[in-house]
1. If I ask for residues that are part of a helix (DSSP H, G or I) and either of a type in the set (Gly, Ala, Ser) or at pLDDT below 95 (or both), which ones from the stretch 8-49 would you list?
2. Among the residues of the stretch 105-128, count how many are within 21 Å of LEU56 (Cβ to Cβ) and in contact with an Asp or Glu (Cβ under 7 Å, 6 or more places away or on another chain).
3. Can you confirm whether PRO114 is within 16 Å of MET6 (Cβ to Cβ) and out of contact with any Ser or Thr (no Cβ under 7 Å at 6 or more places or on another chain)?
4. Residues that are within 21 Å of PHE132 (Cβ to Cβ), open to solvent by 10 Å² or more (accessible area, probe 1.4 Å) and modelled with pLDDT under 95: does the stretch 59-75 have at least one?
5. Confirm whether ILE25 is more than 12 Å from the chain's Cα centre (by Cα) and surrounded by 13 or more Cβ atoms within 10 Å (Cβ to Cβ).
6. Could you check how many residues of the stretch 86-117 are assigned to a loop (DSSP other than H, G, I, E, B), closer than 21 Å to VAL11 by Cα and open to solvent by less than 40 Å² (accessible area, probe 1.4 Å)?
Amino acid sequence: QVNSSMPAYVVERIGEALNTVKKSINGSRIHIFGVAYKRDVSDMRESPALDVIELLSRRGATLSYTDPFVPRLEHGSIDLSAVSEDEARTGIDCAVICTNHQMFDYGGIVKHFPIVVDTRNALKGVEAAHVFRL
C-alpha cells in the first residue's frame, strides 16, 4: 500500500528542487519518467505517479511523460500520450523518476535535464548538484 501522503511529499520535493533555480511548479514544464505502478510492468492501478501528476497539474505545471509500457494516460481531466526520451529533452524544467523501468537511460536523464527528482533511488551513486532525492 502506497502511503497517501507520499505523492504530496514528492510534489513538495519537486517544488524545492525548482526553487533552487528560482522557478515554481506553476508554469514549469515537468516530465515524468515512468507512470506504471512498478518497474517493467504496464499496470497503472494504485500508481503513485497518477497522484503526483494530478497534484502537479492542479498547481499549474505543464506535464509530459515517458513510459514504454503505458502509451496513453487518462486520469480524471488528464489525457496524455507518452513521448520518447529523446523527444522529452527539449524545454523541460524538471524530470521526475516515478517508476524505475530498466530500459530508461539514467545517465542520459542526468545529462540532459536541468533538474532531476529521483523518487526511486534509480540514480544511486550518482552525485550531481541538480539531482534531488526524497
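1. ALA8, GLY15, ALA17, PRO48, ALA49
2. Qualifying residue count, the stretch 105-128: 2.
3. no
4. no
5. Yes; evaluated as a whole, the condition is true for this residue.
6. Number of matching residues: 8.
The values are calculated or read from the model by the stated rules, or taken from the named source; none is laboratory data. Predicted, not measured: the structure shown is a model, and the values here were computed from it. As a convention, Cβ positions derive from the backbone with ideal geometry for all residues, glycine included, and neighbour counts pool all protein chains shown. Areas reflect the complete protein model, heavy atoms only, side chains present, ligands, DNA and RNA absent. Shrake-Rupley method; radii C 1.70, N 1.55, O 1.52, S 1.80 Å.
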